[in-house]
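Worksheet for the structure shown next.
The values are calculated or read from the model by the stated rules, or taken from the named source; none is laboratory data. Because the structure is a prediction, the values reported are computed rather than measured. FYI the Cβ positions are ideal-geometry reconstructions off the backbone, even for glycines, and counts take in every protein chain you see.
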Amino acid sequence: MSLSWQQLETLLADSAASLYGGEAVSQLEHALQSAECAERDGANPALITAALLHDVGHLVAGQGDTDLANGIDDRHEQIGVASLKELFGDAVLAPIALHVSAKRYLCVIEPGYHAALSESSRQSLALQGGLMSADETRRFAANPHAYAAVALRRWDDEAKVIGKVTPPLSHYLQIAAAVARNPQ
Ligand SMILES: [Fe+2]
C-alpha cells in the first residue's frame, strides 16, 4: 500500500499515542528525535526525511509492543519503503530500506556496537537475521547508500531519550515536503 501525503501526515501525528516497540518513548518522539539528530549532524534534507520516516513501516504494520516479545519481525523496513515509494525517491528510500541491515553490519565491524544496543534492539537483531556473514558485510559496504544507512542507524539508536525536547512534527514535514514528489 502506498501512502498519500495526507495519510502520511495523519499516520505520523497519530503515532504520538503508540510506544516505540519495547522502548519508553512514543513512535512520534522516536521519529522526531531521529530527524533532530540528523539535522544536528548536518544531514541533507533527503536524509533528515529518511530519519523522520525510517520506522513508518511499524506504523503501517501496526506492530504492537507484544509482537517483538512474541518473536515476530514485521519486516518494517520493507513495508516502509513500499508505503513511501510514490512520495519519495531513492535518496530517502534506500537508507530506510537498509537501516536494519546497517545494524547487522555495525554489530560485525564495530567493536562494542552490539553491547551498546538497547535490550529490544538486541532482541530484534536475532529476528532480523543476526550478525552479517563476511560476504554480506562486503556486499553491504559496497552499496552506494551504505554510508547514509549507517548514519541513519546511529541516529535511530540515539533517538530513545525519555522527555527530550525536539522541534515539532511540522518542522520536519516541511523538510520532507521539499524533497517529496507530490506533497499534497
Ligand atoms: Fe527506529
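The table below gives the values:
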{"quantity": "Single unsatisfied condition, SER124 versus (1) modelled with pLDDT of 95 or more; (2) in contact with a Leu (Cβ under 8 Å, 6 or more places away or on another chain)", "calculated": "(1)"}
{"quantity": "Residue within segment 105-122 that is under 23 Å from SER15 (Cα atoms), within 13 Å of the ligand (Cβ to nearest atom) and out of contact with any Lys or Arg (no Cβ under 9 Å at 6 or more places or on another chain) present", "calculated": "yes"}
{"quantity": "Tally of residues being in a loop (DSSP other than H, G, I, E, B) and farther than 23 Å from SER34 by Cα across segment 131-157", "calculated": "3"}
{"quantity": "SER83 being away from the ligand (no atom under 15 Å from the Cβ), within 27 Å of SER4 (Cβ to Cβ), assigned to a helix (DSSP H, G or I) and modelled with pLDDT of 95 or more", "calculated": "yes"}
{"quantity": "Failed item in (1) in contact (Cβ under 8 Å) with a residue 40 or more places away in the chain; (2) more than 12 Å from the ligand (Cβ to nearest atom); (3) in contact with a Leu (Cβ under 9 Å, 6 or more places away or on another chain), with VAL25 passing the rest", "calculated": "(2)"}
{"quantity": "Residue match in segment 108-124 (condition: in contact (Cβ under 8 Å) with a residue 12 or more places away in the chain, assigned to a helix (DSSP H, G or I), of a type in the set (Phe, Trp, Tyr) and more than 18 Å from ALA35 (Cα to Cα))", "calculated": "no"}
{"quantity": "Where a residue in segment 153-178 is within 15 Å of the ligand (Cβ to nearest atom) and its partner, wherever it lies, is assigned to a helix (DSSP H, G or I) and of a type in the set (Ser, Thr, Tyr), with Cβ under 6 Å and at least six apart", "calculated": "TRP155/SER34; ASP156/SER34; ALA159/SER34"}
{"quantity": "Any hit, segment 52-59, residues being farther than 28 Å from GLY130 by Cβ, within 16 Å of the ligand (Cβ to nearest atom) and of a type in the set (Val, Ile, Thr)", "calculated": "no"}
